[in-house]
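Novice: I'd like to ask some things about the structure below.
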Amino acid sequence: MNSYPPIRMLIDGAWIEAPGQPVINPASGLAIGTVPHAQAHHLDAALAAAAKGFATWRRTAPAERARVMLRAVALVRERVEEIAHDITLEQGKPLAQSRAEILRGCDLIEWDATEARRLYGRIVPAEPGMRHTVIREPVGVVAAFTPWNFPLSSPARKVGGALAAGCAIILKASEETPAGAMHLAQAFLDAGLPPGAFNLVFGDPAFISQHLITHPVIRLVTFTGSTAVGKHLAALAGAHMKPVIMELGGHAPVIICEDADPRAAALASVKAKLNNAGQVCVAPTRFFVHAAIHDEFVAAFGELGANVKLGDGMAADSDIGPVANARRLHSLKQLTDDAVSKGARLLCGGAPRDGHGFYFPFTILADVPAHALAMHEEPFGPLCLVTRVHSLDEAIAQANSLPFGLAGYAFTESARNARRLGDELEVGNLAINHFVSAVSETPFGGVKDSGYGREGGTEGLECYTHAKSISHLTA
């Protein structure tokens, strides 16, 4: 299992080849394959196929939809080693993290598939002879756009919600990490999903988004990515009166209260930041640590961070792999240097590794001033920023000071602190004493510039439907 698969697009149940761009292995910086680029005729074919697929899939019983989706999940689980290998090649994360991502994607689809059997309507009490009924219907054909950092689980969130609700989907997955989405599409094809219900394309993001979002076949747009791009797509969708689900950037705060165990919090923080080399929209980044335990936390954090093993994701002993591309190396170095120049103290890491590949070490900065660029711009990499605070009021104020509000974390043993954090932190997802921001059963999404709409949970599934009210006079 050493080769990378040929990448193709899926349109109307058929695999399509086309010229495109190289796929780069971030561990070596070398091309490992080619991803096709869709042209207008490919997109028009996908739109026609999705319209046809929707007409079939929406009339498929929820139990039968679940059967097909669960069969696809079973196939992905059977193929986990092959898929994990390809994801590590294209994205760089350690194999164990690739496996975990795949299995998490399976859980997301599994939950949506079974929950869709409970998309209940309701009967509203009325006078004799009148019946008011509310039902939920699939919204229609969905245009979905997913990023490079989670090649399978990010597509799984959107594919699972759309298909479970009875929608058809055109997925524009990342050109940098296309294999995960292709494997997912193959599993659904093999599971017997009707042709056209799931279409997969790659190519120029601006061209594809303009072509799809403005087309009348598309009824919903769902996007995961940067705030700047999300605002552009939301405006484009709004001009055509189409609803959107926007899961956008974050800059997650971690508040460590004076009653927390500083070493346990440091250990949990390092483990959480290892995920995907910090290239996660909910990655813990801004650490606001109470002065009473600050020095002990920083000592433990720096010691643990210095022992993180950086290496090829294919190596069993690698804790983190390379970042995804050269852009990330430049950005992380720039943010680190800026913070140090403004008074931050470097505890570990700080500079790209010499040689081939895109390797940036686990990096921790202490005493980071509020005006450092990294405190305002999401680093999207293995960079941690520690700031001393003297009260919970100060910590919450600093945590809420940015326009982002996706995920937040806190460590405390105080019920009063936990209540205040839950009430006052401006985030869509809050985890206290751990770093799991959401599970399949709970809604995931942000507030403020981190987006709106939800994925996961019953709230996420309902975003792929609209409510229809039927009023019937029977006498």
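The values are calculated or read from the model by the stated rules, or taken from the named source; none is laboratory data. Since the structure is predicted, the reported quantities are computational estimates derived from the model, not experimental observations. For neighbour counting, all protein chains shown are included, and Cβ atoms are generated from backbone atoms with ideal geometry for every residue, glycine included.
Novice: Do the conditions hold for Pro262, that is, is it at pLDDT 95 or above, out of contact with any Pro (no Cβ under 8 Å at 6 or more places or on another chain) and on the phi < 0 side of the Ramachandran plot?
Specialist: Judged against the criteria, Pro262 is a match.
Novice: Related question: Answer yes if at least one residue in region 169-187 is outside any helix (DSSP H, G or I), of a type outside the set (S, T, N, Q), in contact with a Pro (Cβ under 9 Å, 6 or more places away or on another chain) and surrounded by fewer than 18 Cβ atoms within 10 Å (Cβ to Cβ), and no otherwise.
Specialist: No, region 169-187 contains no residue that is outside any helix (DSSP H, G or I), of a type outside the set (S, T, N, Q), in contact with a Pro (Cβ under 9 Å, 6 or more places away or on another chain) and surrounded by fewer than 18 Cβ atoms within 10 Å (Cβ to Cβ).
Novice: Next question. I need the full set of residues from region 293-313 which are surrounded by 15 or more Cβ atoms within 10 Å (Cβ to Cβ) and outside any helix (DSSP H, G or I), in order please.
Specialist: Result: Val308, Leu310, Gly311, Asp312, Gly313.
Novice: Please enumerate the residues belonging to region 367-390 that are without any contact (Cβ under 8 Å) to a residue 60 or more places away in the chain, closer than 19 Å to His294 by Cβ and not aliphatic (A, V, I, L, M).
Specialist: Asp367, Pro369
Novice: How many of the residues making up region 319-331 are surrounded by 22 or more Cβ atoms within 10 Å (Cβ to Cβ) and out of contact with any helix residue (DSSP H, G or I) (no Cβ under 9 Å at 6 or more places or on another chain)?
Specialist: Looking only at that region, the number is 0.
Novice: Exactly one of these conditions fails for Phe207: (1) of a type outside the set (D, E, K, R); (2) farther than 24 Å from Glu90 by Cα; (3) surrounded by fewer than 22 Cβ atoms within 10 Å (Cβ to Cβ). Give me its number.
Specialist: Among (1) of a type outside the set (D, E, K, R); (2) farther than 24 Å from Glu90 by Cα; (3) surrounded by fewer than 22 Cβ atoms within 10 Å (Cβ to Cβ), the lone unmet condition for Phe207 is (2).
Novice: Now for a different question. Across region 344-354, which residue is surrounded by the fewest Cβ atoms within 10 Å (Cβ to Cβ) among those that are assigned to a loop (DSSP other than H, G, I, E, B) and out of contact with any Lys or Arg (no Cβ under 9 Å at 6 or more places or on another chain)?
Specialist: Asp354
Novice: Given the conditions (1) over 22 Å from Leu346 (Cα atoms); (2) among the aliphatic types (A, V, I, L, M); (3) touching a helix residue (DSSP H, G or I) at 6+ places or on another chain (Cβ under 9 Å); (4) assigned to a loop (DSSP other than H, G, I, E, B), report the number of the one that Ala475 does not fulfil.
Specialist: (3)
Novice: Can you tell me which residue in region 423-475 is modelled with the lowest pLDDT, limited to those that are closer than 19 Å to Pro284 by Cα and of a type in the set (S, T, N, Q)?
Specialist: Ser437
Novice: Would you say Phe287 is under 21 Å from Leu346 (Cα atoms) and either crowded, with 23+ Cβ neighbours inside 10 Å or of a type outside the set (Ser, Thr, Tyr) (or both)?
Specialist: So Phe287 passes the test.
Novice: So, in region 13-36, of the ones that are touching a Lys or Arg at 6+ places or on another chain (Cβ under 8 Å) and surrounded by fewer than 17 Cβ atoms within 10 Å (Cβ to Cβ), which residue ends up nearest to His356 (Cα to Cα)?
Specialist: Glu17
Novice: Right, something else. Take region 253-267 and flag every residue that is among the hydrophobic types (A, V, I, L, M, F, W, C) and not in a strand (DSSP E or B).
Specialist: Once the filter is applied, which keeps residues that are among the hydrophobic types (A, V, I, L, M, F, W, C) and not in a strand (DSSP E or B), region 253-267 yields Cys257, Ala260, Ala264, Ala265, Ala266, Leu267.
Novice: Among the residues of region 268-280, is there at least one that is assigned to a strand (DSSP E or B), surrounded by 24 or more Cβ atoms within 10 Å (Cβ to Cβ), touching a Gly at 6+ places or on another chain (Cβ under 6 Å) and not hydrophobic (A, V, I, L, M, F, W, C)?
Specialist: no
Novice: Which count do you get for residues in region 405-444 that are under 25 Å from Gly105 (Cα atoms) and of a type in the set (A, V, I, L, M, F, W, C)?
Specialist: Qualifying residue count for the region: 11.
Novice: A further question follows. Given the conditions (1) part of a strand (DSSP E or B); (2) in contact with a helix residue (DSSP H, G or I) (Cβ under 7 Å, 6 or more places away or on another chain); (3) of a type in the set (A, V, I, L, M, F, W, C), which single one is not true for Ala164?
Specialist: Ala164 satisfies every listed condition except (1).
Novice: If I go through region 226-260 residue by residue, how many of them are without any contact (Cβ under 8 Å) to a residue 40 or more places away in the chain and not assigned by TED's automatic domain parsing to the domain that holds Phe145?
Specialist: Number of matching residues: 1.
Novice: Sticking with this structure for a sec: Residue check: is Gly405 of a type outside the set (S, T, N, Q) and either without any contact (Cβ under 8 Å) to a residue 12 or more places away in the chain or in contact with a Ser or Thr (Cβ under 6 Å, 6 or more places away or on another chain) (or both)?
Specialist: yes
Novice: Cβ-Cβ distance below 7 Å, separation of 6 or more or different chains: which pairs start in region 281-294 with a residue that is in the same structural domain as Leu430 (by TED's automatic domain parsing) and end on one that is modelled with pLDDT under 95 and surrounded by 24 or more Cβ atoms within 10 Å (Cβ to Cβ)?
Specialist: If the second residue must be modelled with pLDDT under 95 and surrounded by 24 or more Cβ atoms within 10 Å (Cβ to Cβ), the pairs left are Val282/Ser437.
Novice: Same structure, new question: Any residue that is more than 15 Å from Leu152 (Cβ to Cβ), in contact with a strand residue (DSSP E or B) (Cβ under 6 Å, 6 or more places away or on another chain) and assigned to a loop (DSSP other than H, G, I, E, B) - is there at least one of those in region 188-195?
Specialist: no
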